[in-house]
Every structure is written in C-alpha cells, then in structure tokens.
Amino acid sequence: MSGADPRVRAVLRLAPVIPVFTPDDVDDAVQVAQALFRGGLPVIEVTLRTATAMAAIKAMAEAVPDAVIGAGTVLTAAQMEQVKAAGGRFAVSPGATDRLYAAARDTDLPLLPGVATSSELMRGLEHGLDTFKFFPAVQAGGAAMLSAWNGPFGDVRFCPTGGIGAQTAAQFLHLPNVLCVGGSWLTTRELLQARDWAGIERLAREAAVLPG
Ligand code: 3PG
C-alpha cells in the first residue's frame, strides 16, 4: 500500500461514537441501524460474533444506505472478502496479522486494525496504515496510554474501544490523537431484548453530541 488509506479517517470523522453492535436477528438489526442513524450516528460496527452477522450487515446496508455499516471482530482474510460481498464499507479487527493486512489490500476494504502495544502499532505503520483501533482501550492503559503514544507516534490517530461508556467517552474524545470512540453501550443486551429502539435512538442522540 502506498500511503495510508484516507477512507479510514474519513469514516472515523463522521461521528464521535461508533456503536459496536452484535446482532441476533436480521430484522431487529435493521431497526437498530435505523434507530442509530435517526439518533445521529451514521457509522455502525457489526461484530461477526453471531451466525446472523453477515446477513445483518447486508440488510442494514440496504435498509439505511446513507449509514456506513462495517464489520467488527474480523479475524480472517476470508471474512474480509465476505464483508465486502455483504456490502460492508469497512472492517475492524481486535488485533492484526500480516495475512489480514494483505487481505485489506487485496479486497480494497478499509481496515481499522486493533493495537494494544507500541510494537503492534509499528507493525501497522510498516504496512502503511496510520489509523488504528486501540483495543481493549481501558484494560490496555486507557487515555494515559494514548497520551503517551502521542509523543513517538504523533501522526497516528485512534478509535479507542473496549470498556468505554457514555460517562467516560469524553475523556478519550478530547485527546488530540483520538478521532472517535467505539462502544457497545448503545446496543446492550437489555435494550435489544426489550426491542427498545427509542431507547437506542435516545442514547445515540446523546452520543452524537459528545464533544470531539
Ligand atoms: C469491541 O469489540 O470493540 C468491544 O467488545 C466493544 O467493547 P465494549 O463492549 O467494552 O464497549
């Protein structure tokens, strides 16, 4: 790859929060996408942790074409291809391997790989990327870690995810090297089981105005 893929930062700049959503039902997933989009969050990471995830990505992308639906928990090159075929616009991975970096190039799918150490970050830089998911953010050092990284890696930008909630998002968002945060607090199991689309929309509305 010559130069970092500018599409990754463009996606991360669309909203201060990327909801991390694990779908159990395709029709409900469409309701979730509509609620989040109505609430002002156009970017959604759909984790590949359930059998319905790929079908959910396809249905959400078709039902809300102005939303940017991507896949999370992408672990393999084969999944990169499946995400692309399903209409996913980006891929997020908890870590990264040389195969995954190669698959991002081969599929031309923007990849936001997870890093938790300086060496993982440097490996990503060697692959030509400049934007990463910091995962698991709270467990791996939180905002202090990102501040420390801003010294040696001042040109790198992050989407921290993992352990972040509505009350703690702002402490990450005000960091100069953070473009947005990710989190599952907008689509909790309780909200999904209650099919509380209005509640999800309300949380999205609150998240959408968090100061970046
Ligand atoms: C992820 O896949 O990015 C995380 O599981 C989301 O983290 P959270 O559930 O702590 O928000």
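Listed here are the helices (runs of 4 or more DSSP H) enclosed by segment 103-180 that have at least 3 residues being surrounded by fewer than 19 Cβ atoms within 10 Å (Cβ to Cβ): 118-126, 142-149. From the list GLY40, GLY70, GLY87, the one residue that fits, being in contact (Cβ under 8 Å) with a residue 60 or more places away in the chain and either closer than 23 Å to PRO16 by Cβ or under 16 Å from the mean Cα position of the chain (by Cα) (or both), is GLY40.
Taking the conditions (1) touching a residue at least 24 places away in the same chain (Cβ under 8 Å); (2) in a helix (DSSP H, G or I) in turn, GLY199 satisfies each one other than (1). Please go through (1) in contact with an Asp or Glu (Cβ under 9 Å, 6 or more places away or on another chain); (2) more than 16 Å from the ligand (Cβ to nearest atom) for ALA96 and return the number of the only condition it doesn't satisfy. Against the list (1) in contact with an Asp or Glu (Cβ under 9 Å, 6 or more places away or on another chain); (2) more than 16 Å from the ligand (Cβ to nearest atom), ALA96 comes up short only on (2). In segment 49-60, the residues that are surrounded by fewer than 16 Cβ atoms within 10 Å (Cβ to Cβ) reach residues that are modelled with pLDDT of 95 or more with C-beta atoms within less than 7 angstrom, at least six apart or across chains, in these pairs: ARG49/THR22; ARG49/THR73; ALA55/VAL26.
Quick check on segment 114-149: of everything there that is touching a residue at least 24 places away in the same chain (Cβ under 8 Å) and acidic (Asp, Glu), which residue is nearest to the ligand (Cβ to nearest atom)? Going through the qualifying residues, I end up with GLU120. When we screen ARG157, ARG202 for residues that are under 15 Å from the mean Cα position of the chain (by Cα) and farther than 13 Å from PRO16 by Cα, the only hit is ARG157. Filtering segment 83-90 for residues that are surrounded by 18 or more Cβ atoms within 10 Å (Cβ to Cβ) and in contact with an Asp or Glu (Cβ under 7 Å, 6 or more places away or on another chain) leaves an empty set. Of the listed requirements (1) within 28 Å of ASP155 (Cα to Cα); (2) in contact (Cβ under 8 Å) with a residue 12 or more places away in the chain, PRO23 misses just one: (1).
For ALA96, are the conditions met, namely being under 30 Å from GLY199 (Cβ atoms) and either in a helix (DSSP H, G or I) or not charged (D, E, K, R) (or both)? No. Across segment 12-36, the number of residues qualifying as assigned to a helix (DSSP H, G or I), surrounded by fewer than 22 Cβ atoms within 10 Å (Cβ to Cβ) and under 15 Å from the mean Cα position of the chain (by Cα) comes to 0.
The values are calculated or read from the model by the stated rules, or taken from the named source; none is laboratory data. Note that the structure is predicted; figures quoted are calculated from it, not measured. Counting neighbours? That spans all protein chains shown, and the Cβs are built from the backbone with ideal geometry, glycine included.
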